[in-house]
Amino acid sequence: MEETSTPPQPQPQPAHPSPQFPAVFTPPPPPTSGFSSRGSPSPGTGSAAAQAQFSTPPGPPVFSSPLRPAAVPFRATPASPQPVPFASRGGGYSSSSSSAAVSLPTSSGPHFLNGAATPTSHLPSSAAAPPPPPPPPPEESPYVLFSAHKVLKQKKLLNAPSLGFGALVSPGREVAPGPETVERDPRRCLNCGAYVNLYCDVLIGSGQWQCVICKKMNGSEGEFVVSSKHDLLQWPELASSAIDYVQSGNRRPGFVPVPDTRVSGPIFILIDECLDEAHLQHLQGSLHAFVDSLPPTARIGIISYGRTVSVYDFSEGAAVSADVLPGNKSPTHDSLKAIIYGTGIYLSPVHASLPVAHTIFSSLRPYQLSLPEVSRDRCIGVAVEVALGIIQGPAAEVSRGIIKRSGGNYRILVCAGGPSTFGPGSVPHSVQHPNYAYLEKTAMKWMERLGHEAQRHSTVVDILCAGTCPVRVPVLQPLAKCSGGVLLLHDDFGEAFGVNLQRASTRAAGSHGLFEIRCSDDMLVTQVIGPGEEASPDSHETFKHDTSFCIQMHSVEETQSFSVSMESKGDIKNDFVYFQFAVHYSNMYQTEITRVITMRLQTVDGLSAYLASVQDDVASVIIGKRTVLRARTASDAIDMRLTIDERVKDLALKFGTQVPKSKLYRFPKELASLPECLFHLRRGPLLGSIVGHEDERSVLRNLFLNASFDLSFRMLAPRCIMHREGGTFEELPAYDLAMQSNAAVVLDHGTDIFIWLGAELAAQEGQSAAALAACRTLAEELSELRFPAPRILSFKEGSSQARYFVSRLIPAHKDPTYEQESRFPQLRTLTPEQRSRLKSSFIHFDDHSFCEWMRSLKLVPPEPS
């Protein structure tokens, strides 16, 4: 079960290492000489078992009704608004709180509470002008969440693979107030490349500063010469743990000055022509609503695909006109040139083309032949190639890299109802084809190359699938992943699909991101999981003894995160260890940004002090990502469930205590909530069998491996909220004891939200309608602006759909009464008759409860926190 303790030896890597799964980077062994600060080699010299893909955070809700205290506490997350353009200034320094530093767009953005954006109408009047939040402690940051706030000095226990040490890093996250902003180049260590920061020791007489990573001294050309240490705080990088450097000399033509409205990058919509009438009607409704939601200045293009590719022309007014290209082969240079230099208009602002777009959508017709859905020809790859060709336009024939179209990054939205079965990047209609495995592998490599081509041209490809036809996820996933986009599955082209279409088009995305990780010499990065691949040495500036680990990001979005696993090289002697994370990227306003986040953690000798600092929720997400990464097939998932069993047992053996006169071990009280989170992971959709099709499991795993902490944790452990009489809500543990017939329950599992109505409540028409409406409102508030938008299902007790809900709850009804009351105190409020009815409502099945599972591992269940 130890996946990171022995890094692989360096090996040559392909130009674009990107298998189907989200990227995992495993640095090679540390060098034995030189000024190594971390032990991992310069980027590109080591191996990278890279595999990638991503989603949006579910902040805690803004409740319409009062919320009772939770039985189990949940982590509050910082506010997270959208990015704002930078003001043009001549000065060198600024503060994030200064109006000269950052200005909001003219159109006011949404309000944010606890990481979830909410319309102004949802805010209570008392929250209209909340006081500024206090600065986070030194060990906390909105961009970095460590699995523990302290670092254990003893190498053997810190590196114990059952717990491990690591961090979740969201380098593209936007928060309010944002980081300090300066409009100049950063000052860096000439030896290792680390950035100057607030923890550097500065000699005020000479202006020299000592790097916290490699301990070498650097000059400042007299810039840091001051009369007192306090005067150093005038430099934001010496006063704040997070800093944004704006590269003022590298702005591209698309830079947006402050008075302008928010940029909306051009969007190509690719539409499947092979849909049956029912699916097509739903898709048409979603497309009509989608273009109506776009800002008037947004540019759109429309392409449909089947056996051919039709590029729709907006210049014909009321008539629907399209240029048609064959779908059996890639478009030729001449055919693309004829479109680009022709008289047609294929990308047009919404304000000029909205009626034409509606006409095009209304003109779409259902598939006419009598072939089953899976046997219909769809040239998805060629359609994306044509869209990319039009996006490149004449600039592709001028000096490359010089001309850059303005208006933000491009996005291609593919609406697919089935697999790619025609032209390049296609697979046979039937998986029974004798050569299917080889053809699938060939198609995956072709789609991967196409995804990289899109990424080089600042174009993100999102693939939104719907319907009942298998879409062959392994073939389409590399295209979305390598371009920085996502692949999503939906039941149909209705509400959830339409919402995701809108949210996919509006989420802010930076491009050409380079993510650097540096640590103190005591620490070693052993594994990174996230949406990118190891950067080649020539893709970034290198320094004499640069031991950073560099990752080329497919896109830079606030909903992503990287899981970074670390170990100590030996017993730590220093009182502090330092970590620096830097991301360089071009934001949605085409401005070059370098964000630098520097963190310092205290080291401790005592095991109890270390365990008390462990953040169970963060640790469980990091463990979950390392485990899910290895669950590539259904049989792998079964193995990983057994791995979780062994991990929990090892945690108790290493950090717990043995019960006197017994073979049982007591789980450490400091980690009380960790095993329950892992139990949810073990039986949930990521590793369990409650999701039926392997395509669905594959998509969920890819989303989880690249998601922010908020969404990752919610996908790992569901959140259970009960609607009470009087319109209040009470948060409860996710146990089946919440299934009380007189109540309504909301269960938020990240990508799905379920509303369950008890039979007794459902029989009361007026009360059930009010409860359902309140729960529906809560579900929408919980998931507002979450990407992907979750599927929201409601059903009554005893219905066939209720199995979706029941299978995600821990079957605590099997436990003794005293344990039920201890872990689910709400039971004590029920009358004896209500408890009797609740007990008789459960159906016996073989699944373990959490307590039974712990005892089966010879462990004493931890006391509820």
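The values are calculated or read from the model by the stated rules, or taken from the named source; none is laboratory data. Model, not experiment: these values are computed from the prediction. With ideal geometry, Cβ positions are generated from the backbone for all residues, glycine too; neighbour counts draw on all protein chains shown. For the accessible areas, the whole protein counts, side chains as well, though only heavy atoms, and no ligand, DNA or RNA atoms are used. Shrake-Rupley method; radii C 1.70, N 1.55, O 1.52, S 1.80 Å.
Let me confirm something: among 298, 322, which residue is open to solvent by less than 50 Å² (accessible area, probe 1.4 Å), modelled with pLDDT under 95 and more than 28 Å from residue 374 (Cα to Cα)?
One residue alone meets the criteria, 298.
What's the total number of residues in segment 405-437 that are assigned to a strand (DSSP E or B) and either farther than 17 Å from residue 450 by Cα or modelled with pLDDT of 95 or more (or both)? Break it down into steps so the answer makes sense when it comes.
Our first condition is that a residue be assigned to a strand (DSSP E or B); within segment 405-437, this holds for 410-416.
Cutting the leftovers down to either farther than 17 Å from residue 450 by Cα or modelled with pLDDT of 95 or more (or both) gives us 412-416.
Looking only at that region, the number is 5.
Here is a yes/no grid of residues against (1) surrounded by 15 or more Cβ atoms within 10 Å (Cβ to Cβ); (2) free of Cβ contacts under 8 Å to residues at least 40 places away in the same chain:
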{"residue": "794", "(1), (2)": "yes, no"}
{"residue": "804", "(1), (2)": "yes, no"}
{"residue": "819", "(1), (2)": "yes, no"}
{"residue": "823", "(1), (2)": "yes, no"}
{"residue": "828", "(1), (2)": "no, yes"}
{"residue": "831", "(1), (2)": "no, yes"}
{"residue": "835", "(1), (2)": "yes, yes"}
{"residue": "839", "(1), (2)": "no, yes"}
{"residue": "843", "(1), (2)": "no, yes"}
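Restricting 500, 574 to residues that are open to solvent by 20 Å² or more (accessible area, probe 1.4 Å) and touching a residue at least 40 places away in the same chain (Cβ under 8 Å) narrows the list to 574.
Regarding segment 560-567, can at least one residue be identified that is farther than 16 Å from residue 530 by Cβ and either of a type in the set (Lys, Arg) or open to solvent by 10 Å² or more (accessible area, probe 1.4 Å) (or both)? Steps first, answer last, please.
Going residue by residue through segment 560-567, those that are farther than 16 Å from residue 530 by Cβ are 567.
Restricting the remaining residues to those that are either of a type in the set (Lys, Arg) or open to solvent by 10 Å² or more (accessible area, probe 1.4 Å) (or both) gives 567.
Yes, that holds for at least one residue.
Set side by side, the residues 754, 713, 704 differ, and just one is open to solvent by less than 10 Å² (accessible area, probe 1.4 Å), over 18 Å from residue 792 (Cα atoms) and modelled with pLDDT of 95 or more, which is 704. Taking the criterion of being under 21 Å from residue 586 (Cα atoms) and of a type in the set (Lys, Arg), the only residue of segment 444-460 that qualifies is 456.
Quick one: which strands (runs of 3 or more DSSP E) sit completely within segment 556-674 and have at least 2 residues that are among the small types (Gly, Ala, Ser) and within 30 Å of residue 183 (Cβ to Cβ)? Before the answer, list the steps.
Numbers: elements: 562-568, 576-586, 592-604.
Once the strands (runs of 3 or more DSSP E) in segment 556-674 are filtered for at least 2 residues that are among the small types (Gly, Ala, Ser) and within 30 Å of residue 183 (Cβ to Cβ), what remains is 576-586.
Consider residue 555 carefully, then state whether it is in contact with a His (Cβ under 6 Å, 6 or more places away or on another chain), over 30 Å from residue 160 (Cβ atoms), in the same structural domain as residue 170 (by the TED database) and modelled with pLDDT under 90. Considered against the rule, which asks whether it is in contact with a His (Cβ under 6 Å, 6 or more places away or on another chain), over 30 Å from residue 160 (Cβ atoms), in the same structural domain as residue 170 (by the TED database) and modelled with pLDDT under 90, residue 555 comes out as no. All of (1) within 37 Å of the chain's Cα centre (by Cα); (2) modelled with pLDDT under 90 hold for residue 239 with one exception: (2). Could you tell me how many of the residues in segment 731-745 are under 28 Å from the mean Cα position of the chain (by Cα) and either within 11 Å of residue 826 (Cβ to Cβ) or open to solvent by 10 Å² or more (accessible area, probe 1.4 Å) (or both)? Of the residues in that region, 4 qualify.
Taking the criterion of being modelled with pLDDT of 95 or more and either open to solvent by 50 Å² or more (accessible area, probe 1.4 Å) or not in a loop (DSSP other than H, G, I, E, B) (or both), the residues of segment 368-386 that qualify are 380, 381, 382, 383, 384, 385, 386.
Here is a yes/no grid of residues against (1) in the same structural domain as residue 444 (by the TED database); (2) under 19 Å from residue 706 (Cα atoms); (3) open to solvent by 10 Å² or more (accessible area, probe 1.4 Å):
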position	(1), (2), (3)
462	yes, yes, no
470	yes, no, yes
477	yes, yes, no
481	yes, yes, no
517	no, yes, no
520	no, no, no
526	no, yes, no
531	no, yes, no
551	no, yes, no
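Every condition in (1) outside any helix (DSSP H, G or I); (2) not assigned by the TED database to the domain that holds residue 804 is met by residue 741 except one, and the failing one is (2). For the structure I just gave you, tell me whether residue 805 is under 23 Å from residue 495 (Cβ atoms) and either hydrophobic (A, V, I, L, M, F, W, C) or at pLDDT below 90 (or both). Judged against the criteria, residue 805 is a match. Counting the residues of segment 342-367 that are part of a loop (DSSP other than H, G, I, E, B) and of a type in the set (A, V, I, L, M, F, W, C) gives 3. The strands (runs of 3 or more DSSP E) falling completely within segment 440-554 that include 1 or more residues that are over 30 Å from residue 567 (Cα atoms) map to 459-466, 487-490, 511-519.
When segment 475-500 is filtered for residues that are under 29 Å from residue 551 (Cβ atoms) and touching a strand residue (DSSP E or B) at 6+ places or on another chain (Cβ under 7 Å), the ones remaining, listed by number, are 476, 477, 479, 480, 483, 484, 485, 486, 487, 488, 489, 500. Only one of the listed residues (673, 662, 635) is modelled with pLDDT under 95 and crowded, with 16+ Cβ neighbours inside 10 Å. That residue is 673.
Here's a check for you: in segment 686-701, which residue that is outside any helix (DSSP H, G or I) and at pLDDT 90 or above is nearest to residue 718 (Cα to Cα)? Of everything passing the filter in segment 686-701, 686 is nearest to residue 718 (Cα to Cα). Candidates are the residues of segment 197-213 that are open to solvent by 20 Å² or more (accessible area, probe 1.4 Å) and touching a residue at least 24 places away in the same chain (Cβ under 8 Å); the one that is farthest from residue 548 (Cα to Cα) is 204.
Every condition in (1) in contact with a Cys (Cβ under 6 Å, 6 or more places away or on another chain); (2) more than 19 Å from residue 801 (Cα to Cα) holds for residue 695 except the one numbered (1).
Tell me, which residue of segment 845-865 that is among the acidic types (Asp, Glu) and more than 21 Å from residue 802 (Cβ to Cβ) is most open to solvent (accessible area, probe 1.4 Å)? So that I can check it myself, show each step before the final result.
Start the filter on segment 845-865 by keeping residues that are among the acidic types (Asp, Glu), which leaves 846-847, 852, 863.
Those left that are additionally more than 21 Å from residue 802 (Cβ to Cβ): 852, 863.
Values: 852: 54, 863: 137 Å².
Across segment 845-865, the extreme among qualifying residues is 863.
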